[in-house]
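Visitor: Structure below; questions to follow.
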Amino acid sequence: MTTGSMNTVRSYHTGTLLANGKVLVAGGYNGCAYLTSTELYNVSSGTWAITGNMNIARQYHITKLLTNGKVLVAGGVNSVALSSAELYDPAAGTWTNTGTMNVIRNSATATLLTNGKVLVTGGSNSGGTVSSTTEIYDPPSGIWGTTGSMSGVRMSHTACMLANGKVLVTGGYSGSAYLASTELYDPTLGTWATTGSMSVTREAITSACCRII
């Protein structure tokens, strides 16, 4: 079943489900230029509407819907890899800058924790060096704080918060090899522990949140 087309051709963009049921699509690359443009998909009508532009063009960035209804966008790459972050306000249709990450990241992950903060993991920098570092965004203050590093470097992986509040990170790419390894983040301790490996190496994958108590 087909639906309405976007206003702009784009690849390596993001899609975020908003609290009002619409989907925010942000940034990407159109084959000639990196994009600041964003648009909204109306599920009921199957149509797209242009909304406010981001302050910085980016692709391979991360997005996360916050508990206050705003959308955090961070990192990515245009002509260089980025550490900047900004917030989208669906009520106003506008973007404002927020605190900059401690580490440049593209192809990272963002996971909303039970306390409303956002855990960002891994990714790579402008030179292609893949990171094991992680950090946490605090929405009320707009400040990023560091937390425990993963046991190994990874980019283009997935992260999913489990029902017990821990975050499962799976697969990805180390810069030299595709990964089957997985690990768990404990937000209470700020530490990581390895867990069982997948049966197949996977990169640029998806994961679904599980009911594991």
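Taken together, the values in this text are just the output of simple stated rules run on the coordinates, not laboratory data. Note that the structure is a prediction, hence the values are computed from the model and not measured. In this analysis, Cβ positions are derived from the backbone assuming ideal geometry, glycine residues included, and neighbour counts consider all displayed protein chains.
Visitor: Determine the sum of side-chain charges near L82: Lys and Arg each +1, Asp and Glu each -1, restricted to other residues whose C-beta is under 12 angstrom from that of L82.
Guide: Residues close to L82 contribute a combined charge of +1.
Visitor: Would you mind giving the average projected area, over all directions, of the Cα convex hull of the stretch 84-126 in nm² with one decimal?
Guide: With every direction weighted equally, the projected area is 3.9 nm².
Visitor: Could you give the size of the charge dipole of the chain about its Cα centre, using +1 on the Cβ of each K and R and -1 on the Cβ of each D and E, expressed in debye and rounded to the nearest 20?
Guide: It works out to roughly 200 debye.
Visitor: Hey, what does the equivalent ellipsoid look like for the chain, semi-axes from the Cα gyration tensor as sqrt of 5 times each eigenvalue, largest first, whole Å?
Guide: 27, 19, 18
Visitor: Taking other Cβ within 10 Å of each residue's Cβ, how do M161, M101, M155 sort, fewest first?
Guide: M161, M101, M155
Visitor: All other residues with a Cβ under 11 Å from the Cβ of T98 taken together, and with Lys, Arg as +1 and Asp, Glu as -1, what is their net charge?
Guide: That sum, taken over residues with Cβ under 11 Å, equals -1.
Visitor: Only counting other Cβ atoms within 10 Å, I'd like S11, S124 sorted with the fewest neighbours first.
Guide: Fewest-to-most ranking of S11, S124: S11, S124.
Visitor: Around E39, under 11 Å between beta carbons, what's the net of Lys plus Arg minus Asp minus Glu among the other residues?
Guide: Its environment carries a net charge of +2.
Visitor: Place a +1 charge on the Cβ of each Lys and Arg in the stretch 1-99 and a -1 charge on the Cβ of each Asp and Glu, then give the dipole magnitude about the Cα centre in debye, rounded to the nearest 20.
Guide: That gives a dipole near 100 debye.
Visitor: I would also like to ask the following. Under a 5 Å amide H to amide H cut-off, with H placed in plane at 1.01 Å, what residues pair with G123 once short-range neighbours are removed?
Guide: Here the answer is S131, R154, M155, S156, since their amide H atoms fall under 5 Å of that of G123.
Visitor: Show me 31-40, 131-140, 73-82 ranked by packing, highest mean number of other Cβ atoms within 10 Å first.
Guide: Answer by packing, highest mean first, reads 73-82, 131-140, 31-40.
Visitor: Scan around T94 for amide H atoms under 5 Å from its own, H built in the peptide plane at 1.01 Å from N, and keep only partners 5 or more places away or cross-chain.
Guide: D89
Visitor: Moving on. Under 5 Å between amide H atoms, partner at least 5 residues away or on a different chain: which partners does T195 have, H built in plane at 1.01 Å?
Guide: Those lying under 5 Å, H to H, from T195 are T182, E183, L184.
Visitor: OK, next. Residue by residue through the stretch 66-74, which ³J(HN,Hα) values in whole Hz follow from phi under the Karplus form 6.51 cos²θ - 1.76 cosθ + 1.60 (θ = phi - 60°), with glycine and proline marked x?
Guide: 8, 5, 8, x, 7, 10, 8, 10, 8
Visitor: With a ≥ b ≥ c taken as the square roots of the eigenvalues of the C-alpha gyration tensor of the stretch 1-99, please select rounded if a/c is under 1.5 and otherwise prolate if a/b is larger than b/c or oblate if it is not?
Guide: Oblate is the answer for the stretch 1-99, as a/c is 1.5 or above yet b/c matches or exceeds a/b.
Visitor: From the phi angles alone, apply the Karplus equation (6.51, -1.76, 1.60; θ = phi - 60°) to the stretch 121-133 and give each ³J(HN,Hα) in whole Hz, x where the residue is Gly or Pro.
Guide: Coupling constants for the stretch 121-133: 10, x, x, 9, 9, 4, x, x, 6, 8, 10, 9, 6 Hz.
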